[in-house]
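We did not get these values from a lab; they are worked out from the coordinates using the rules stated. Bear in mind that the values here come from a model prediction, so they are computed numbers and not experimental data. Positions of Cβ are generated from backbone atoms using ideal geometry, with glycine treated the same way; all protein chains shown enter the neighbour counts.
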Amino acid sequence: MTVVAGIYRHFGLALSPAAEARMRGWIAQNPQGKFGKHRYSAAHLELDPSEIRRRFANYIQHYQLS
């Protein structure tokens, strides 16, 4: 809700108490992981990890990822 309030402020909009309550209600009814957790792997998607690293080398280096 902090991010939402910041977006509203940025655009000079008022976040009504009713709208905030509805958003909070939706968040409460839809917690992260509600339907389980997704796990992805290169192997599951039939991708070669070394090829991924090669293609994204600049990105990996720029953001200092391993």
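Values (1) 14.8, 52; (2) 19.8, 51; (3) 16.2, 55 are given for comparison; Rg and Dmax of the Cα atoms in Å, derived from the coordinates here, is the one labelled (2). With the simple spin-label model, which puts each label point 7 Å out from Cα in the Cβ direction, the SER66 to ALA18 separation comes to 5.2 nm. One decimal place: the segment GLN29-GLU51 gains 3.9 nm when fully extended, by the rule 0.36 nm per residue minus the C-alpha distance. Karplus-based coupling profile of the range 56-64, in residue order and whole Hz: 10, 4, 4, 5, 4, 5, 4, 9, 6, with θ = phi - 60° in 6.51 cos²θ - 1.76 cosθ + 1.60 and x standing for Gly or Pro.
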